[in-house]
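Note sheet for the following structure.
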Amino acid sequence: MKRKHVLAAVLAIGSAVLIGCATYTAPTREETLQVVNSSFRERGIAKLDRLKQSDMQVACSEASLTGQELPKDVAARLEKQALATVKYPADGAYLGDFKQGERIAQTGVGLQWSDNDKTVAGGNCYACHELASQELAFGNIGPSLKGYGRLRGNSKEVVTYTWGKLWNSHAYNACSQMPRYGDANILTTAQLKDLMALLLDPNSPVNK
Amino acid sequence: MKGINRALLAGAALALSCTASLAQKDTADAIARYRQLLQDGNPAELVVARGEALWKEKRGPKKASLEQCDLGLGAGVVKGAYAQLPRHFADTDKVMDYESRVVHCMVTLQGLDHATATKNPFSGTGQRQTDIEALVAYVVEQSRGVPVKISQAHPQEKASFDRGKQLFYMRAGPYDFSCASCHGVTGQRIRLQDLPNIANVKEDAERAFTTWPAYRVSQGTLRSMQWRLNDCFRQARWPEPVFGSPATVDLITFLGVKANGAKMDSPSIKR
C-alpha cells in the first residue's frame, strides 16, 4: 500500500513537471502590458498616460519585435493618419530665424521628469543628425542633413514636405524613429519655423 | 583631470583642422584615450569598502547584519552571487535582481520598512552614496571575473526574459521611443556616444551587463543597473520605473541572459 502511494506521488510529481515544461507559453502582449503598467509611476510632468500606446506605437512595436515589415496597407493607413495631423502655418510663412533654429537643434531638454512645464524644449537634432559642418558632435541614427536646403532648393514641395516631416515624421515613413515635434506638442510653431530656417535658409550654417 | 581636458581640447582642435569624418575620428580617439586614463584609479574601491562594512553591520529594528542574506547560492554566499542574478527565488516565488533582493533581505532580516528602504535608492551628483549603492558595489565586486550565468530553467525565469524582450521593443510616450530606438542597430551614436546593439550583438550585451554597475566620473558617484535603466527611461520620456519593479527585473533578465558566459568586470569606471 505504502509503495503504491509513493509510486502515485512520483507519477504525480513527474507528470506535473512534464506538464510544467510542456505548457510554458510566452506571456501575451496583454500580460506583459499588465506587468509594465504596474511597474511605472508618474513623476513630475511624466504621467502614467504616457504608457498608453497609439495605433502607430502598437503596430511599430510589433514590427520591431518580430523583425517583420509592416503590411503595406497598414503602413499606408498610418501614414495617411499622420499626414492628416499636420497643421501648416496659417500665415503661410515657413522660415523663421536660423540662429534660433541652431540653438533649438543643440538643445536636448524637454518633457523629461527632470524638466517641468516651464522648460522650453529643444529639438535635440544633433543627437541623431549631422547639420552645420562646424558641429562635429553629431549622432547618426538619422541621415545627414548637411547642405539640406542647398541640395534640395526651397520649392513649395520641399518646404511643405519638410514642415510635414518635422510636424509628424510618420506621414512619410510609418515607423519613423523621429519624434513628432508638432503633433506631440514638443516644439511650438515658432520653434518649428526656426528649424525650417536652419534647414532651408541659404545663409544657415547648414547650407554653408 | 586638467591634463585630460587639455587632451580632449587638443583632440577637438586637431579635429577642426581636418575634414569632418577624419576630425570626428580624432575626437572619438581623444575620448577613448580619456577613458583609458581613467582605468588607473577607480574610486569605486572606496564604495566597495563602505558596502562591506554596511553588509556586516547589525542594523534595523532586528539589529541584524545582511550576512545571512540568500542571494541565490545559499544564505551568506556573496562570492559569485551577482553573476547569477536575476533568478527565481522560492521564498518569494518571484524573479529578483540583486537590487530588489538586497532590499528583500533588508526587510526580512533587518526589519526595515520596504518603502523607507527604497525611498532614495540613487544618490544625487556629488552626494554621498546611498546604502543601496554601497551594497551594490560590495556584492558586485565579489563577482569580478566570474562568468555570467543567468538561469532560464524556471518557467518564471523564461517568462521574465520574454516580457523583457517585449518591453525592449515597446514604443511609447510623447517621443515614441523604445529601448530598441537606440539599442537595436549596430554602429549607431547619440552625438559621439556609441550605443550598444543590445538586442542583436552578443558582445554588446556582454559589455553592457558586465561593466555595470560603474563609477561615473562625470557624476562623481557609483551607478547601479537599476539607475542605468531609470536614467534611460527618463531620457526616453517615459514615466519613472519603480525601483526593483518586475518590468525592470525583466529587462535586466533579457540583457543578462544575452550576456551569459562573459566575465563580470564591475564596478567599472565610465566617463
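The values are calculated or read from the model by the stated rules, or taken from the named source; none is laboratory data. Computed from a prediction, not measured in an experiment: that's the story for all the values here. Cβ sites come from the backbone with ideal geometry, for glycine too, and all protein chains shown count toward neighbours.
A few notes on this one:
- Residue check, B:Thr108 surrounded by fewer than 20 Cβ atoms within 10 Å (Cβ to Cβ) and closer than 29 Å to A:Leu33 by Cα: no
- Extreme residue, farthest from A:Tyr181 (Cα to Cα), among residues of segment A:122-145 that are facing chain B (nearest Cβ under 10 Å) and aliphatic (A, V, I, L, M): A:Leu136
- Residue that is farthest from A:Thr189 (Cα to Cα) [pool: residues in segment A:81-106 that are in contact (Cβ under 8 Å) with a residue 40 or more places away in the chain and out of contact with any Asp or Glu (no Cβ under 9 Å at 6 or more places or on another chain)]: A:Leu83
- When restricted to residues that are in contact with a strand residue (DSSP E or B) (Cβ under 7 Å, 6 or more places away or on another chain) and part of a loop (DSSP other than H, G, I, E, B), segment B:128-149 contains 3.
- Meets criteria (at pLDDT 95 or above, aliphatic (A, V, I, L, M) and in contact with a Phe, Trp or Tyr (Cβ under 8 Å, 6 or more places away or on another chain)) for B:Leu112: no
- Residue check for B:Ile150: more than 10 Å from chain A (Cβ to nearest Cβ) and in contact with a Gly (Cβ under 7 Å, 6 or more places away or on another chain): yes
Per-residue answers, yes or no, for (1) over 13 Å from the mean Cα position of the chain (by Cα); (2) without any contact (Cβ under 8 Å) to a residue 60 or more places away in the chain; (3) crowded, with 20+ Cβ neighbours inside 10 Å; (4) farther than 22 Å from B:Gly173 by Cα:
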{"position": "A:His170", "(1), (2), (3), (4)": "no, no, yes, no"}
{"position": "A:Gly182", "(1), (2), (3), (4)": "no, no, yes, no"}
{"position": "A:Ala197", "(1), (2), (3), (4)": "yes, no, yes, yes"}
{"position": "A:Asn203", "(1), (2), (3), (4)": "yes, no, no, yes"}
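- Under the condition of being among the charged types (D, E, K, R), under 28 Å from B:Asn230 (Cβ atoms) and without any contact (Cβ under 8 Å) to a residue 60 or more places away in the chain, the residues counted in segment A:19-77 number 10.
- A:Gly182 out of contact with any strand residue (DSSP E or B) (no Cβ under 7 Å at 6 or more places or on another chain), among the small types (Gly, Ala, Ser), under 24 Å from B:Phe177 (Cβ atoms) and away from chain B (no Cβ under 14 Å): no
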